[in-house]
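Colleague: Okay, here's the structure, questions in a sec.
A short reminder: the numbers here are calculations on the coordinates, not readings from a lab. Everything numeric in this text was worked out from a predicted model, so none of it was measured. Here the Cβ positions follow ideal geometry from the backbone for every residue, glycine too, while neighbour counts run over all protein chains shown.
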Amino acid sequence: MASSSFSHNWESQPQQWHGDSPAYVSTGKLEAALNRASQKAVEYEYQMKELEVRLSESLSNFRAIDSLIQESYNGLQRHTRRAERACQTQVPHINSELDESLKILSDLADTLPTIQSQLADVRVVYDSGRDKVRHHGTFLFHILA
């Protein structure tokens, strides 16, 4: 009991620093400081774990976004190459076809008046033939009747 009383008296007495003598801190204060430090360490550990989870989530999202951007970029490059090939091959081919079509249309435009004239001549002959058939048909009808 004496030692307990001695310890209790020693803990409750304020300690002062005396030059070369070691500093004494009461066990209660030391335990309280240790508990506070331990609680802070647990708190910091929890915060670090939270941060680790958020960082992991963010990294996962970043990778997903990066993957989508990479796919889009690759698709754009693929479409760009196709468009360039089309410009190099299809456009000259289309221009060639267009030139040929324009030449054919020009030739047809040149021959159109001649064809129209021939058609008018055929129509005249056809109408004349039809009129003759009507006339001869009516004539034959009267003869046979």
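Colleague: What nm distance separates the two modelled labels at Leu98 and Gln70, each placed 7 Å from Cα along Cα→Cβ?
Modeller: 4.1
Colleague: Over the alpha-carbon set of region 27-145, divide Rg by the Kirkwood Rh and report the Rg/Rh ratio to two decimals.
Modeller: Result for region 27-145 is an Rg/Rh of 1.86.
Colleague: At a Förster radius of 35 Å, what calculated FRET efficiency corresponds to the Cβ-Cβ distance of Phe141 and Ser117, to the nearest 0.05?
Modeller: Efficiency, from the Cβ-Cβ distance: 0.45.
Colleague: Can you pull the one-decimal nm distance between simple spin-label points at Leu34 and Glu50, each 7 Å off the Cα toward Cβ?
Modeller: 2.8
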